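Okay, structure first, notes after.
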Amino acid sequence: MLFGGIDIGSRAAKVVVMKDDAIFASTIQDTGPESVKTAYMAINTALEGTGIAIEDIDYILATGYGRVLVPFAKANVSEISCHAKGINWYFPSVRLILDMGGQDCKGIACDGQGRVTSFVMNDKCAGGTGRFLEMIADVLNIPLSEIGDVALESTTAIPFNTICAVFAKTDAIKYLKQGAAKKDILAGLNEAISTRSYNLLKRVGIQKDFTITGGISKNKGMVAKAAEKVGLEPLLCEDPQLVGALGAALFARDKYNLLKTKG
Amino acid sequence: MKALGIDIGSLTTKVVVLNNGVIETSCVVDSDDEADTSAKVAVARALGQANINLNGDYYIISTGAGGKATSISQKSKAISSCLARGIYHLYSSARMGIDIGAESGIVFKINERGKLKDQASHDKCAAGTGVFVKQMAKLMQISLEDMSELSLDAKTRPEISGTCAVFAESEVISHVHRDPPTPMADIAAGIYYSIVSRLMALCKRVGIEKDVVVTGGVAQNKGLINILEQELGFKVLVPDNAQSIVALGAAIIAQEQIEKGAK
C-alpha cells in the first residue's frame, strides 16, 4: 500500500510517500505563488525515478496553509494535528512540540497516541519565523543554511530588545555598521527568538519529551538556544521539516483503513 | 539664557530653540547611528555653527529614542511628557494627542492644565509606524506624497493586516499582482486603514476625547489623516510643524527650568 502526505507551507512544500510503514519517497521544495502548481511539482519531484505515478498512491492527504488547493488530495487535516501525528511515529514519548515554520510559530502539546491536547500559535507577527531569518541572513550576507552554525561560534551575544522583524533588521544593520561581529548579532537574535518561543511553550505547559519541528529546527544555533531556555534537550528526528507531511501520510493511511473497514 | 529642546528620533533629530518663549530657530536633520552625534550635528545646524559651541548660553532638554544617550543636555524627559507640553502650547483645547513617528505610535490624554494623563503605545512592532508607511510606498514604487494623494481617490479599502509589517508586504504584493490588479489608490487607502485601525485600538484604550491633535512625521500624510478622521467621526488638528512638536515641548520644559532658576 502507498500513502501520501503533502504539506503546502507558507515558504516550503513538503511531500512524504509511505510504503509498508516506512518512508519511501520525500521532497522539500519552495512554495510558489500558485498552490496547485506547487502541489504538482512537489509530488512529481518526490516520485521521480520511483516508477510510481500519482494515481498509484492509494490515498493522499494534504495539510499546511495551502491544503485546500491540492487537486489530487482526497482529504485535508490541519498541520497542527499532522505535526503531533508525525512526531509520534518517530518518538511516541514526545509530549511537547515547538514547530518553527516559515511564517508562524506553534507550541503543541500531544498525548502518547500523537493526538493534540492543546496548542498556541503566533501567526500575527513575522518576528522569529523563517521569514525573519531569511531577512537577517540576507542583511548579513550569509547563506540561510549557515546562520545557525555561525551563531554557535559566538561567545558574547548582542542583546536585541525587539522581536519585530523590521526593527530587528534595522538594528542588525546598525550593529554591523558599528563593527559588531555577525556571529554575535545572530546569537543575539537567536536569544530573543528563543525567549519568545519559550513563552509560547509555557502557555501550553512545559513537559517531557520535547521536540522541535519545522524548517528552523535545522538551525543548530537556534535549537541550542531553545534547548537552553526550555531546559530540555529536544529529540530531533531525521528531517524535522518533513514531520507535517509525514503526519499527513499517516492520516492518509488511517482514513484509507477506516474506509475499508466500513466497506 | 535660551531654552533648547532636542528630539533624537530613530530616523530624524529635531531641534527647537526658544528665546523668552518665542521660537527663534528650529531644524530637522537625519539621525546618525550615534545619538550623541545626531544631537551635536542638529544643534550646530540650528545655531548656524560649523561645530557645536554652546558656551553655557543654552539650557537643553533632550528626549526621543536617543534622548538619554547625549552628553550635551542638562536633563532628558519622556517623549510623551514633551509631546503633551508642546501640543498644549499650540492648542489649549487639546485633550488627546496621537503621535506617529518613524518607529513608534503613541496615543495619550492631556488634562486641562496641559499635563500628560493616560497613554498607550506600540513601540516594539513596526506595524502602524512611519517605517511601515515608508516600506509600503517603496514597495508600490511611489513617493510618500503621491501615495497620500492617490489614496484620496480610493473607491474601496482592501483589507490589509495591520498586525505585522512583514506580512502586510506580502498582502500588498498579492493585491498588485491580482487579476485584475487592485487599483493603487485602493491599496494605499487599505494600508492607511490598517495603520488607523491599530491607532483606533489605542485611542479606545485611553478613551476618545476632543480636541485631538496629531503629530509626528506621519501626521503630514493627508491620506492617512483623512481616513483617521473618517474613523473618529470628526476633524483632527494637525500643526504645521507636526514633526517638531516633541522638540518644542522639550524646549518649553527647558524654558520653565530657566525661569525657575532665575527666581
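Summary table below
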quantity: Test: residue in the stretch A:61-79 that is within 14 Å of another protein chain (Cβ to nearest Cβ) and more than 25 Å from residue A:195 (Cβ to Cβ); calculated: yes
quantity: Checking residue B:49 against (1) modelled with pLDDT under 90; (2) surrounded by fewer than 23 Cβ atoms within 10 Å (Cβ to Cβ); (3) within 15 Å of residue B:216 (Cβ to Cβ), the condition it does not meet; calculated: (3)
quantity: Flag if residue A:37 is among the basic types (Lys, Arg), outside any loop (DSSP other than H, G, I, E, B) and without any contact (Cβ under 8 Å) to a residue 24 or more places away in the chain; calculated: yes
quantity: Condition check for residue A:211: among the β-branched types (Val, Ile, Thr), within 20 Å of residue A:103 (Cα to Cα) and either part of a loop (DSSP other than H, G, I, E, B) or within 14 Å of another protein chain (Cβ to nearest Cβ) (or both); calculated: no
quantity: Considering residues of the stretch B:161-215 that are within 14 Å of chain A (Cβ to nearest Cβ) and basic (Lys, Arg) only, the residue surrounded by the fewest Cβ atoms within 10 Å (Cβ to Cβ); calculated: B:178
quantity: Top-ranked residue in the stretch B:10-46 [being under 18 Å from residue B:253 (Cα atoms) and among the small types (Gly, Ala, Ser); ranked as surrounded by the most Cβ atoms within 10 Å (Cβ to Cβ)]; calculated: B:39
quantity: Residue satisfying condition, being within 14 Å of chain A (Cβ to nearest Cβ) and among the aliphatic types (A, V, I, L, M), within set B:120, B:137, B:126; calculated: B:126
quantity: Index of the failed condition, residue A:110 passing every other in (1) buried (at least 16 other Cβ atoms within 10 Å of the Cβ); (2) more than 14 Å from every other protein chain (Cβ to nearest Cβ); (3) in contact (Cβ under 8 Å) with a residue 60 or more places away in the chain; calculated: (3)
quantity: Test: residue in the stretch B:196-208 that is in contact with a Pro (Cβ under 9 Å, 6 or more places away or on another chain) and modelled with pLDDT of 90 or more; calculated: no
quantity: Cross-chain or 6+ apart pairs with Cβ under 6 Å, the stretch A:114-136 first and within 10 Å of chain B (Cβ to nearest Cβ), then basic (Lys, Arg) and not in a loop (DSSP other than H, G, I, E, B); calculated: A:135/A:169
quantity: In the stretch A:145-193, the residues that are more than 23 Å from the chain's Cα centre (by Cα), away from chain B (no Cβ under 11 Å) and crowded, with 22+ Cβ neighbours inside 10 Å; calculated: A:172, A:183, A:185
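The rows are residues; the columns are (1) over 30 Å from residue B:223 (Cα atoms); (2) among the hydrophobic types (A, V, I, L, M, F, W, C).
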site: B:16; (1), (2): no, yes
site: B:25; (1), (2): no, no
site: B:36; (1), (2): yes, no
site: B:48; (1), (2): yes, no
site: B:56; (1), (2): yes, no
site: B:67; (1), (2): yes, no
site: B:74; (1), (2): yes, no
site: B:102; (1), (2): no, yes
site: B:109; (1), (2): no, no
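The values are calculated or read from the model by the stated rules, or taken from the named source; none is laboratory data. From a predicted model like this one, the values you see are computed outputs, not experimental measurements. Cβ sites come from the backbone with ideal geometry, for glycine too, and all protein chains shown count toward neighbours.
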